[in-house]
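The values are calculated or read from the model by the stated rules, or taken from the named source; none is laboratory data. Please read all numbers here as calculations on a predicted model, not as lab measurements. Note: areas computed on protein heavy atoms with side chains; ligands, DNA, RNA excluded. Shrake-Rupley method; radii C 1.70, N 1.55, O 1.52, S 1.80 Å.
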Amino acid sequence: MSGLDGLYQELILDHSKHPHGKQLAPEEGRTATSHQRNPICGDEVSLRVRLSDDPDVIRDVTWQGSGCSISQASASMLAVLVTDAVEERGGMTRAEAKTLVDGFREALRSRGTLPLDEETFADAAALSGVSKFTARVKCAMLAWVALEDALARA
């Protein structure tokens, strides 16, 4: 295992053991929740998105779930991306979220040929290697699909 692979593995384990955003916020204001389950391995994630007064701007993403370290780390990493956008720009637009989800999905379906950009995906770039293991792609995608679904419901 290369040094970078080891670092990425540590990052995934750290997010899994010390998850960010893992406490489903109460439903208040403009919120939508999506529950996703991976029937192959049993991973589950419930994700709640809270919109600002402008229904095009996400102000918060929280979640709860259980499953493998990949699914839990991925949900944590997604929550950090949204939190960072809120702190830096006052929120993440639906269009920005769609672009993130689409880019994440494309990279994970690439079977290792398209790595995730660290500037765009931050810690979630550590999940690039998952794309080489098709059985684990759904684990990594679970929270991202939940965000996509919750935004469609909001």
Could you give the spread of the C-alpha atoms of the stretch 76-154 along their three principal axes, from largest to smallest, in whole angstroms?
35, 27, 19
Which lysines have a Cα lying under 25 Å from the Cα of residue 98, excluding residues fewer than 8 positions away in the same chain?
22, 132, 138
Compute the helix-to-body angle for 94-108: its Cα long axis versus the longest principal axis of the chain, expressed 0 to 90° and rounded to tens.
20 degrees
What do you get for the angle between helix 3-17 and the principal long axis of the chain? Use alpha-carbon atoms, 0 to 90 degrees, nearest ten.
40 degrees
In Å, the Kirkwood hydrodynamic radius from C-alpha pairs for the stretch 1-133 sits at 15.3 Å
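From the protein chains alone at 1.4 Å, what is the descending order of accessible area for 110, 131, largest first?
Numbers: 110 20, 131 0 Å².
Output order, biggest surface exposure first: 110, 131.
For the full complex of protein chains and a 1.4 angstrom probe, list 68, 139 by accessible area with the highest value first.
Result, largest first: 68, 139.
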From the phi angles alone, apply the Karplus equation (6.51, -1.76, 1.60; θ = phi - 60°) to the stretch 69-80 and give each ³J(HN,Hα) in whole Hz, x where the residue is Gly or Pro.
4, 5, 5, 6, 5, 4, 4, 4, 5, 5, 4, 5
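Going from most exposed to least, what order do 117, 84 have by accessible area with a 1.4 Å probe?
Numbers: 117 75, 84 55 Å².
Ranking 117, 84 by accessible area, largest first, yields 117, 84.
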222 nm [θ] for the chain, helices only, -39500 (n - 2.57) per DSSP H run of 4+, per residue, to 500?
-16000 deg cm²/dmol
